[in-house]
Amino acid sequence: MAILEINDEEQETVNTQNDGEGDALAVDAEFAIDEFLHAEQAKDLLRFSTAGSVDDGKSTLIGRLLYDSRNVYEDQVRAVTGVATSSTGSTNSGIDFALLTDGLRAEREQGITIDVAYRYFSTQRRKFIIADTPGHEQYTRNMATGASTADLAIILIDARKGILTQSKRHAFISSLLGIRHIVAAVNKMDLVGYSEEVYRGIESDLRELVGRSFAAANGDVGGGPTHGQVLAMDGAPGFGGELTVIPVSALEGDNVVDRSVNMPWYDGPTLLEHLENVPVGVTDSTVAFRLPVQRVIRPDQNYRGFAGQIAAGVIRKGDEIVALPSGLRSRVASITTFDGDLDEARAPMSIALTLEDERDISRGDVIVAPEGQPHHATAIEAAVVWFDGTRLETHKPYLLKHGPQTVSARVTQVLYRNNIETLEHEAVPSLGMNDVGAVEVHVVRPLFFDAYAENRATGNFILIDPATNATVAAGMIRRGISGEAWKTKHKPALVFVPEERADAVELALLGDDVPVVRTKVKTPRVLQALLAAGVVVLIEGLAVVEEEHAIDAMELTEEALLERLRS
């Protein structure tokens, strides 16, 4: 066997060549990474949610979409192959696509989606964020949460069952949330023999349903079949959108990523083709600037920044601004972000503004452009989705959270409830779990808002039951209405009472129209938030908080306490 001998000079030449090749490879790799990152950043982003009735195949569809678009790792595939499901007691020898998104143990055992599962993937054309939402009626609140930030909603329909009540509820809520693009995926076409007749019947029903849903979202009970575009009602700002119907089989992969050979009669796009090409909303630079202040940053005496996420519009250095509710004006001195200062920022960027003048601006205030300022009112009309098992009580104190601001509020009137089957208005005294309707709300301090149809970020709110801290409803503001603010003649306070007298004191306060919250929580941050909302906080036990608003009512009668609160 021959042995190749290399002298020192030849070895140095080889090493030099290898080093040069290594450097070139390193440069090429670095360039390729930079090029890849730049290409990814240049892609636009589509957020979409899935919804539908129980067992319509939402999670399976998303799993199939991820798998066929090559967005699933091998270890993830192995983890969901041959998995037994407790709900059926059977083991699937193939891939259970639903388990790629159903992550909770309870979900896997029951074979259902409970929580909202978020997944991220991308293709050559676009980046995506998926919110896989639950279909069960008791988890409607999770569906509304997942769809609240979506640009597009996919509503699944089981081809064997047609449109069910929960499908109607999800279509209406999607319309109510201002989602402009709705895709109705008629799933399980393999179980009806890929029948065009079955599909066409469901397609016709869907177009009528979505047309009525968009009309009802605008407060109208009319509406009819729609073919393509659905226009906003009455020429006013409102909800409108587009419906696309696609026949699919999530289990077999028909028309999800790859075109189906089993449905030659369908000539529309596959689901992924539609997702890659549907228009994504671009920030309109003509929309008036809105920045709800989430935090005032004060690291030292030389810096005061007003931080938040831009809700609408564009801001530039030197622009004039108005702070609400004070009405104080100034100009932008700097725009700061995590990555450094900018000359310009736009929605939905998170920024901190510094101003040329010292201005008293606090969390909950809104910084806006002088032109096109938001509406303001102490009474609003809003569409609401009621989440809680406890029914809405008119005139009960609630906390209304609007952006970073929390105020005390009361629902003074239920205007109507939407019948989910017909979407007609029903006169009811209250709303229950999963009901959708319209209400009048009065608050103790003015809200600065845009109609939800004009700006989702500044037109939404949630209602919180202060007694349980549960989020009981999500609301979409339609308009401000004339009416007095919910005025109270009592000042906010922390009232400490003996446990055995708490019921009697609470009844006395409510009887005098006092906005009262009863709690055992003594966390300073929570108590300060309640005081800022303008309520009287009733705490059982000895006074342990040294606070100017604290009242030790251990020895006070109800009448004496009311007198203290009025003074």
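Miscellaneous remarks
- Separation of alpha-carbon centers, the stretch 343-365 and the stretch 431-482, rounded to whole Å: 25
- Cα-based reach from Lys491 at 28 Å (exclusive), listing lysines while leaving out same-chain residues under 8 positions away: Lys396, Lys401, Lys520, Lys522
- When the charge dipole of the stretch 375-480 is built from unit charges on Cβ atoms (+1 for Lys and Arg, -1 for Asp and Glu) and taken about the Cα centre, the candidate among Ile462, Leu423, Val436 whose Cα reaches farthest toward its positive end is Ile462.
- Counted by Cβ distance under 13 Å from Ile297, the other residues give a net charge of +3, where Lys and Arg count +1 and Asp and Glu count -1.
- Using the Stokes-Einstein relation with a Kirkwood hydrodynamic radius computed over Cα pairs, the translational diffusion coefficient of the stretch 366-437 at 25 °C and a viscosity of 0.890 mPa s comes to 172 µm²/s.
- In the calculated pair-distance distribution of the stretch 375-480, the portion above 23 angstrom amounts to 19 percent of the Cα-Cα pairs.
- Sites Thr557 and Ile297, calculated FRET efficiency, Cβ-Cβ separation with R0 41 Å, nearest 0.05: 0.35
- Across every direction, the projection of the convex hull enclosing the Cα atoms of the stretch 290-368 has a mean area of 4.5 nm².
- Among the listed pairs Lys127/Lys188; Lys58/Lys161; Lys58/Lys188, those whose Cα-Cα separation exceeds 18 Å are Lys127/Lys188.
- Value of relative contact order over the stretch 290-368, rounded to a whole percent, pairs C-alpha under 8 Å and six or more apart: 39
- Computed over the stretch 375-480: relative contact order in percent, which uses C-alpha pairs under 8 Å that are six or more apart: 40
- Across the stretch 493-566, C-alpha contacts under 8 Å between residues 6 or more apart give a mean separation that, scaled by the residue count, equals a relative contact order of 46 percent.
- Global size of the stretch 493-566 as Cα Rg and Dmax, reported in angstrom: 11.0, 29
- For the stretch 367-454, the Cβ-based charge dipole about the Cα centre amounts to some 460 debye (Lys, Arg positive; Asp, Glu negative; other atoms uncharged).
Read-outs: derived from the displayed coordinates by stated rules, not from any lab. The model shown is predicted, which means the values in this text are computed figures rather than measured ones. Note: ideal-geometry Cβ built from the backbone for every residue, glycine included; neighbour counts use all protein chains shown.
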